[in-house]
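The values are calculated or read from the model by the stated rules, or taken from the named source; none is laboratory data. All values derive from a computational prediction rather than experimental measurement. Heads up, the Cβs are rebuilt from the backbone with ideal geometry, glycines too, and the neighbour counts pull from every protein chain shown.
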């Protein structure tokens, strides 16, 4: 420690000089005056006067004592540790690369013991290493990416003290920089920084391996529009590769994957790229698998595929509207659909059957045959939803297409069946494949009792009062609804279905109120059953005057939005903030909508493709949209679906979240 004295810096140096001159002048004048007066008291007066002048001078300049402590430090060192998934691969022997990393850490700590050292991880984003260098166990969880360039770019932007050297500990399997021009890429990432970068290899021998090295998409992904995907394939470790088939598949909740694109990567050297043109028909989060058919001798099959969570946008809604006869309800819905520029509608009536006697030859009835079969086979996947309104498929020869319509819903399509004299049981849908898709049962209802013509006013159920789907309607009309001119008779809601509107008097076989509006899930798709054909009364009737007819559009906009999985109409929001790595614990975040107080909820996680349930957990969601963390444990590689169903005053419609867990 070094102690020194210094004058206060409150006064400029010029004022300190002035104070010193005045103090000296005061002493001189005091001496002259004492000499003129003389006497024995002159010495005492002189002493006290000098002390007073000195005290005044000290009070003006205020000297301070300064203590200085210092220490000699070494150069600052930054150690970057690879935290990507590849460190769990074997090293040169039987050990994993993670174990080799753990053995290196104490050696680094000992070798650089006299140097200030900071340790960070690089993968997706650089972050501090919370473990100890003295601990021979590298415990950092693996991440999907291995982006060294991002860590170096972050270093070049920092405002902290810069290191004089960087040590990178990695196995060399990096996303960035690539395998070509590594030195130039590192210099570009560092920018103007003049820092030495050293490397420590975790392994010297690469395993015989063919892998999907990287997947890149050009621009946003929009439903029904092709997007270009670049797949980079690499071979290493002496594995002989010439041509490697590449395929892109879309995963579904309880159905086999559907192939969307394929190609062949022709390797010239160690890497090759292939362009695939991918078209996805459904908006929202879709799980896409990119896989290769690796040659014999591949020692690391885990990286033969990549699972991507793709956010698919929608620029327009494409609907197929099929009606059995022209009614006020059909006209109101069709007019509203065609008034929306964001909706493409293919709508048609079938006004006669094969049994009708029209007293005319068949070739005189239509100049151009309507492509009904083509619509329900080739073009059906291009529609976001199908509306069957008061339509009986049997007399028109369309029953053969009901299995295709069932598969369409199972693979993510939407279906609305609207009531009328030719719908539900009266439409001959009972005991058909399509009956299993509907959110209500049609079993056990005789055709003679399948329609109730008595007028009634639907009642909003407990689940309906808290459902975002009905919120636009109730905001305009409250809980009051117009009188309906009868209803189709249906049975109990299926497991997992949600009843929003019910009949005030009719009951099902179980004694429950008969559903009038029910929502359900089937496979990857959604279905709606509306048993009445009077929704037009929300548009033109004395009841609709107060809302100026806006209630009809609000009602159908919400129904279609729920079918399209529009977040506005989901009762809960689900997210996976940190992604999912196979074998690493993952956590979901659940937020409730329109919940003013805590409510119980059920979280279910199933495996895509098989529908196998891997987790079921009861939680309590927080009010005010606060997130609730739900640990889902360690999952195997694959695609998964998480559904959340609130259970406050009736079960809400489930909110779904698809995600991928990569190996």
Qualifying residue in the range 144-152 (condition: under 25 Å from the mean Cα position of the chain (by Cα) and surrounded by fewer than 14 Cβ atoms within 10 Å (Cβ to Cβ)): no
Six or more apart or on different chains, Cβ under 8 Å: which pairs go from a residue in the range 43-60 that's surrounded by fewer than 10 Cβ atoms within 10 Å (Cβ to Cβ) to one that's modelled with pLDDT under 75? Could you list them? none
Please determine whether any residue of the range 311-327 is more than 23 Å from residue 372 (Cβ to Cβ), in contact with a strand residue (DSSP E or B) (Cβ under 7 Å, 6 or more places away or on another chain) and buried (at least 19 other Cβ atoms within 10 Å of the Cβ). yes
Which of the residues belonging to the range 569-581 are surrounded by fewer than 18 Cβ atoms within 10 Å (Cβ to Cβ) and not in a strand (DSSP E or B)? 577, 578, 579
What strands (runs of 3 or more DSSP E) completely inside the range 205-262 contain at least 3 residues that are within 17 Å of residue 663 (Cβ to Cβ)? 209-217, 227-236
Based on this model, can you work out whether residue 241 counts as buried (at least 17 other Cβ atoms within 10 Å of the Cβ), under 30 Å from residue 103 (Cα atoms), in contact with a strand residue (DSSP E or B) (Cβ under 7 Å, 6 or more places away or on another chain) and outside the structural domain of residue 171 (by TED's automatic domain parsing)? no
In the range 456-484, what residues are exposed (fewer than 15 other Cβ atoms within 10 Å of the Cβ) and in contact with a helix residue (DSSP H, G or I) (Cβ under 9 Å, 6 or more places away or on another chain)? 475, 479, 480, 483
Only one of these is loosely packed, with under 11 Cβ neighbours inside 10 Å and either over 30 Å from the mean Cα position of the chain (by Cα) or modelled with pLDDT of 90 or more (or both): 337, 367, 333. Name it. 367
Would you be able to say whether some residue in the range 225-242 is touching a helix residue (DSSP H, G or I) at 6+ places or on another chain (Cβ under 7 Å), at positive phi and modelled with pLDDT under 90? no
Residues in the range 445-456 that are part of a loop (DSSP other than H, G, I, E, B) and either modelled with pLDDT of 95 or more or more than 15 Å from residue 515 (Cβ to Cβ) (or both): how many? 4
Qualifying residue in the range 74-95 (condition: farther than 28 Å from residue 161 by Cβ, exposed (fewer than 10 other Cβ atoms within 10 Å of the Cβ) and either in the same structural domain as residue 154 (by TED's automatic domain parsing) or modelled with pLDDT of 70 or more (or both)): yes
Subset of the range 105-130, residues under 37 Å from the mean Cα position of the chain (by Cα) and touching a residue at least 24 places away in the same chain (Cβ under 8 Å), comes to 105, 117, 118, 119, 120, 121, 122, 123, 124, 125, 126, 129
Enumeration of residues in the range 291-310 that are surrounded by fewer than 19 Cβ atoms within 10 Å (Cβ to Cβ) and in a loop (DSSP other than H, G, I, E, B): 293, 295, 296, 297, 299
Scan of the range 600-621 for residues that are in a strand (DSSP E or B) and either in contact with a helix residue (DSSP H, G or I) (Cβ under 8 Å, 6 or more places away or on another chain) or touching a residue at least 60 places away in the same chain (Cβ under 8 Å) (or both), ordered by number: 606
Looking at this structure, is residue 479 in a loop (DSSP other than H, G, I, E, B) and modelled with pLDDT under 90? yes
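Could you check the range 426-445 and list, in sequence order, the residues that are farther than 19 Å from residue 503 by Cα and touching a residue at least 12 places away in the same chain (Cβ under 8 Å)?
427, 428, 429, 430, 431, 432, 433, 434, 436, 437
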So residue 183 passes all but one of these: (1) outside any strand (DSSP E or B); (2) in the same structural domain as residue 82 (by TED's automatic domain parsing); (3) in contact with a helix residue (DSSP H, G or I) (Cβ under 9 Å, 6 or more places away or on another chain). Which condition number does it fail? (3)
List pairs: first in the range 456-485 and over 20 Å from residue 540 (Cα atoms) and assigned by TED's automatic domain parsing to the domain that holds residue 541, second surrounded by fewer than 18 Cβ atoms within 10 Å (Cβ to Cβ) and modelled with pLDDT of 90 or more, Cβ under 7 Å, 6+ apart or cross-chain? 459/504
If I filter the range 485-505 down to residues being in contact with a helix residue (DSSP H, G or I) (Cβ under 8 Å, 6 or more places away or on another chain) and assigned to a loop (DSSP other than H, G, I, E, B), which single residue comes out as surrounded by the most Cβ atoms within 10 Å (Cβ to Cβ)? 490
Residues (crowded, with 17+ Cβ neighbours inside 10 Å and over 23 Å from residue 605 (Cβ atoms)) located in the range 251-262: 260, 261
What is the number of the single condition among (1) more than 30 Å from the chain's Cα centre (by Cα); (2) in a helix (DSSP H, G or I) that residue 431 does not meet? (2)
Of the residues in the range 1-29 that are part of a loop (DSSP other than H, G, I, E, B) and under 15 Å from residue 64 (Cα atoms), the one that is modelled with the lowest pLDDT is 9
Taking the range 510-546 only, how many residues are modelled with pLDDT under 90, surrounded by fewer than 18 Cβ atoms within 10 Å (Cβ to Cβ) and in a loop (DSSP other than H, G, I, E, B)? 4
Quick test of your reading of the structure: residue 280 fulfils all but one of (1) touching a residue at least 12 places away in the same chain (Cβ under 8 Å); (2) surrounded by fewer than 17 Cβ atoms within 10 Å (Cβ to Cβ); (3) assigned to a loop (DSSP other than H, G, I, E, B). Name the failing condition by number. (2)
Scan the range 560-568 and give yes if some residue there is over 20 Å from the mean Cα position of the chain (by Cα) and surrounded by fewer than 19 Cβ atoms within 10 Å (Cβ to Cβ), otherwise no. no
